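K.L.:
I have a structure I would like to understand better, so I am pasting it below and will then ask my questions one at a time.
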Amino acid sequence: MQLFETVREMGHEQVLYCHGKNPDIRAIIAIHDTTLGPAMGATRLYPYINEEAALKDALRLSRGMTYKAACANIPAGGGKAVIIANPADKTDEMLRAYGRFVESLKGRFITGQDVNITPHDVRTIKQETDHVVGVEEKSGGPAPITALGVFLGIKAAVEFRWQTKNLAGMKVAVQGLGNVGKNLCRHLHENGVELVITDISPEKTAEIKQLFGATVVEPEEIYSQNVDIFSPCAMGGIINSQTIPQIQAKIIAGAANNQLDNERLHGQRLVEKDILYCPDYVINAGGIINVYNEMIGYEEDKAFKQVNNIYDTLLAIFDIAQQQSITTNDASKRLADERIMKVKISRNQPIAA
Ligand SMILES: NC(=O)C1=CN([C@@H]2O[C@H](COP(=O)(O)OP(=O)(O)OC[C@H]3O[C@@H](n4cnc5c(N)ncnc54)[C@H](O)[C@@H]3O)[C@@H](O)[C@H]2O)C=CC1
Ligand SMILES: O=C(O)CCC(=O)C(=O)O
């Protein structure tokens, strides 16, 4: 990968490689755009197959955060960090070393909890830096509110697609039963939805089966289920050339970041298959809304009110996509670009060609 060429094309401001020998740590912090505010984005720890995969994830995730904040009307920029490690090798020393790298950015990057980072880990990172959000004692962690946003997004998509506000009797396939997926299953179950679920953890599928009477399928079987809605709540890149031909659902609406393996190609394929796609960074904005509110002084009512906006934002995006014959992903990107551009123009900042 040509690094400077890639970051120029994607519009990143800064990419920081963090390395330490003792303790051993390899992390990448990517700051995409700080026009609207300091870069916000949680930290993911993952055993990437190679450094290029880690970099690609950090670059795409951080760009997604810029769009996410802009679409949610949050005065924050986009950033994200990845720590390259096996979760079994994670140590407090490693996390504290990472915290010192975050601290070195002096608030230009504010982070929190993503995949394989626990509330305990967030507290450990916080020993070295105050630029951490999503602390359980403050806003209670972002996953429940993210799940609520995804649930509201599903309702918006159902209304747009089938002109009904009633989910009862619908079938939803949920991929990934972690912090977000589990809470989402609860909302869906309470609204009379029939659940088809999968996870790589048998304990998690057993728990959701028992709690909500869900049907369990193997991870590779989730795409081909005869359901109304597919909700990816695990990892990114799962909407791709192999999975699209299998998908039976008419709506894709889930929490996972970077769901489309190739935004342009696979966004277009979904249109051709008449599948309504809820752009991930719009539907999963509950997390950033919650942690932003934590940063400015948490008031639960205010955060929940803002999450309700996800419903209207998605309806507006579906309308734009339909009227302009573009993908929903392009429609949301346009909305974000317009908001960022407006601020740049008001400040006489240079605008990229
Ligand atoms: N936690 C939050 O507030 C937010 C999370 N997201 C995104 O939503 C997704 C889920 O987040 P969390 O629930 O917090 O993560 P988590 O780590 O708690 O849960 C992920 C779940 O997916 C499962 N999983 C992994 N690979 C799988 C596969 N191939 N098939 C089936 N299941 C698989 C894991 O076993 C785990 O149960 C992630 O992509 C995250 O970046 C986005 C916005 C906010
Ligand atoms: O939890 C955070 O720090 C911000 C939210 C986030 O990273 C995400 O939406 O992916």
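K.L.:
Under 13 Å from the 7 Å Cα→Cβ point of Glu52, by amide nitrogen: which residues of segment 1-23?
P.N.:
Only 1-3 pass the distance filter.
K.L.:
Expressed as a fraction of 2.2 N^0.38 Å, the rule-of-thumb size for a compact globular protein of N residues, what is the C-alpha radius of gyration of segment 1-149?
P.N.:
For segment 1-149, the normalised Cα radius of gyration comes out at 0.98.
K.L.:
Next question, about the same structure. About the Cα centre of segment 272-353, what is the dipole size in debye to 20, counting +1 per Lys and Arg Cβ and -1 per Asp and Glu Cβ, all else neutral?
P.N.:
Value, rounded to 20: 420 debye.
K.L.:
Placing +1 on the Cβ of each Lys and Arg and -1 on the Cβ of each Asp and Glu in the chain, which of Tyr17, Gly297, Asn226 has its Cα farthest towards the positive end of the resulting dipole?
P.N.:
Result: Gly297, furthest along the dipole toward the positive end.
K.L.:
Same structure again: Whose amide H sits under 5 Å from the amide H of Arg44, counting only residues 5 or more places off or on another chain, with H placed in the peptide plane?
P.N.:
Amide H neighbours of Arg44, under 5 Å, 5+ apart: Ala81, Val82, Ile83.
K.L.:
Count the DSSP beta bridges whose two residues both fall in the chain, then state the antiparallel fraction as a percent rounded to the nearest 5.
P.N.:
Antiparallel bridges make up about 35 percent of those DSSP assigns within the chain.
K.L.:
Shifting gears a bit: So for the chain, averaging the separation of alpha carbon pairs under 8 Å that are six or more residues apart and normalising by length, what relative contact order in percent results?
P.N.:
Normalised by residue count, the contact order of the chain is 16 percent.
K.L.:
With θ set to phi - 60° and the Karplus curve 6.51 cos²θ - 1.76 cosθ + 1.60, what are the ³J(HN,Hα) couplings of segment 262-271 in order, to the nearest whole Hz, using x for Gly and Pro?
P.N.:
10, 4, 5, 4, 7, x, 5, 4, 5, 4
K.L.:
Roughly speaking, what is the centre-to-centre gap between segment 157-207 and segment 219-252 when only Cα atoms are used, to the nearest Å?
P.N.:
So the two Cα centres are separated by 13 Å.
K.L.:
Next up: Multiplying the sequence separation of Lys21 and Lys302 by 0.36 nm and subtracting their Cα-Cα distance, what value in nm do you get? Mind showing how you got there, number by number?
P.N.:
Details: separation 281, 0.36 × 281 = 101.16 nm, distance 4.36 nm.
Gain on stretching Lys21 to Lys302: 96.8 nm.
K.L.:
For a quick check: sort Glu128, Glu221 by the number of other beta carbons within 10 angstrom, fewest at the front. Working shown, then result.
P.N.:
Details: Glu128 18, Glu221 13.
So the residues, fewest neighbours to most, are Glu221, Glu128.
K.L.:
Here's something else I'd like to know. Go ahead and set up a Gaussian network model of the chain, Cα springs under 10 Å, then flag whichever of Glu272, Glu93, Glu338 fluctuates most.
P.N.:
It is Glu272.
K.L.:
Counting only residues 5 or more places away or on other chains, whose amide H sits under 5 Å from the amide H of Val132 once H atoms are built in the peptide plane?
P.N.:
Result for Val132 returns Thr111.
K.L.:
For segment 204-318, what is the charge dipole size about the Cα centre, in debye to the nearest 20, if Lys and Arg each add +1 at the Cβ and Asp and Glu each add -1 at the Cβ?
P.N.:
Roughly 160 debye, rounded to the nearest 20.
K.L.:
Still on this model: Using the number of other C-beta atoms within 10 angstrom as an exposure proxy, rank Arg123, Arg60 with the fewest first.
P.N.:
Numbers: Arg123 15, Arg60 20.
Arranged by neighbour count, lowest to highest, Arg123, Arg60 become Arg123, Arg60.
K.L.:
Moving on. Quick one: which of Lys138/Lys344; Lys90/Lys302; Lys80/Lys250; Lys273/Lys333; Lys68/Lys302; Lys209/Lys333 span more than 29 angstrom between C-alpha atoms?
P.N.:
Those over the limit are Lys138/Lys344; Lys90/Lys302; Lys80/Lys250; Lys209/Lys333.
K.L.:
For Leu315 and Asn191 in one chain, what is 0.36 nm times their gap in residues minus the Cα-Cα distance, to one decimal in nm?
P.N.:
Values: separation 124, 0.36 × 124 = 44.64 nm, distance 2.04 nm.
Value of the extension gain: 42.6 nm.
K.L.:
On to the next question. About its Cα centre, how strong a charge dipole does segment 59-213 have in debye, to the nearest 20, once Lys and Arg get +1 and Asp and Glu get -1 at the Cβ? If you can, show how the numbers build up before the last one.
P.N.:
Working: 20 positive and 16 negative charges, 119 e Å.
Computed about the Cα centre, the dipole is about 580 debye.
K.L.:
Continuing with this model, one more query. What FRET efficiency would be calculated for the residue pair Glu203, Lys138, taking the C-beta separation as r and a Förster radius of 35 Å, to the nearest 0.05? All intermediate terms of the calculation are to be shown ahead of the outcome.
P.N.:
Details: r = 29 Å, r/R0 = 0.82.
So, using R0 = 35 Å, E works out to roughly 0.75.
Bear in mind these aren't lab numbers, they're just calculated from the coordinates by the rules spelled out. What you are looking at is a predicted structure, and each value in this text was computed from that prediction instead of being measured. Glycine gets a Cβ as well: all are built from the backbone with ideal geometry, and neighbour counts include every protein chain shown.
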